[in-house]
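The values are calculated or read from the model by the stated rules, or taken from the named source; none is laboratory data. Note that this is a predicted model, so its numbers are computed, not measured. Don't worry about glycine lacking a Cβ; one is built from the backbone with ideal geometry, like all the others, and counts go over all protein chains shown. Keep in mind that these areas ignore ligands, DNA and RNA; they rest on the heavy atoms of the full protein, side chains included. Shrake-Rupley method; radii C 1.70, N 1.55, O 1.52, S 1.80 Å.
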Amino acid sequence: APWADSADPKIPNLSTVKNLIKDYKDSGRWDRDNMGVAEQAIRYLDSKLGEKNGKPAIVLDIDDTSLSNYPYELPHDFGFVSSEWLAWANKSDAPALPGTLKLYQHAKEKGVYVFFVTGRAEALRESTVKNLESAGFKAFDGIYTKPDGYAEPSVVPFKSGVRAHLEAEGY
């Protein structure tokens, strides 16, 4: 394993893992992999567009799916400080992930509805919309932010509920 310098080879050394992440990103492999997944998604989307079962739609996550948090994560040593992250998110300048933006643009060109669902709090809606639009995600069909007072330890039920709601609406 690449973290074999750890006393227990099953437990990775945190510094080694962080360096592996940096190497992966800096080498260009991450960008190539992101674009490769987007191209697979485009082919899959195109294969489904002929089906007549409602309004065609895709649902995209935001953080590290549509917008990159790497410019925040790198100087923070991949840590999370809530107040600092909120200040960064409110700046609305996270870059788009090129592969996801390509998928988004392709979907819009094909008449597919595009919705965003995020674990970001409702208080970040305005800055998130501004960031999405400035990063190239223009004219999307809706955004769902985590509601105020959401108390579940995971956002999975919220996100699954949004997808179920959209399906119930005919998407």
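Could you pull out the residue among Ser27, Ser83 that is closer than 30 Å to Pro157 by Cβ and among the hydroxyl-bearing types (Ser, Thr, Tyr)? Show your work before the answer.
Numbers: Ser27 fails: closer than 30 Å to Pro157 by Cβ.
None of the other options fit; the residue is Ser83.
All but one of (1) at positive phi; (2) not in a loop (DSSP other than H, G, I, E, B) hold for Leu45, so report the exception by its number.
Only one criterion in (1) at positive phi; (2) not in a loop (DSSP other than H, G, I, E, B) is unmet by Leu45, namely (1).
Of the residues Ala87, Ala94, Ala151, which single one is over 22 Å from Asn34 (Cα atoms), outside any helix (DSSP H, G or I) and hydrophobic (A, V, I, L, M, F, W, C)?
Numbers: Ala87 fails: outside any helix (DSSP H, G or I); Ala94 fails: over 22 Å from Asn34 (Cα atoms).
Only one candidate passes the filter, namely Ala151.
List the pairs whose first member sits in the stretch 13-24 and is at pLDDT below 95, whose second member is surrounded by 13 or more Cβ atoms within 10 Å (Cβ to Cβ) and not acidic (Asp, Glu), and whose Cβ atoms are under 6 Å apart, counting only residues at least 6 apart or on separate chains?
Qualifying pairs under 6 Å: Asn13/Trp3; Asn13/Ser6; Thr16/Trp3.
Select from the stretch 23-40 the residues that are of a type outside the set (Phe, Trp, Tyr) and open to solvent by 60 Å² or more (accessible area, probe 1.4 Å) and list them in ascending order.
Correct list: Asp23, Asp26, Arg29, Asp31, Arg32, Asp33, Val37, Glu39, Gln40.
How about the stretch 104-122: which of its residues are in a helix (DSSP H, G or I) and either touching a Gly at 6+ places or on another chain (Cβ under 7 Å) or open to solvent by 20 Å² or more (accessible area, probe 1.4 Å) (or both)?
Filtering the stretch 104-122 down to residues in a helix (DSSP H, G or I) leaves 104-109, 122.
Passing the criteria: Gln105, His106, Lys108, Glu109, Glu122.
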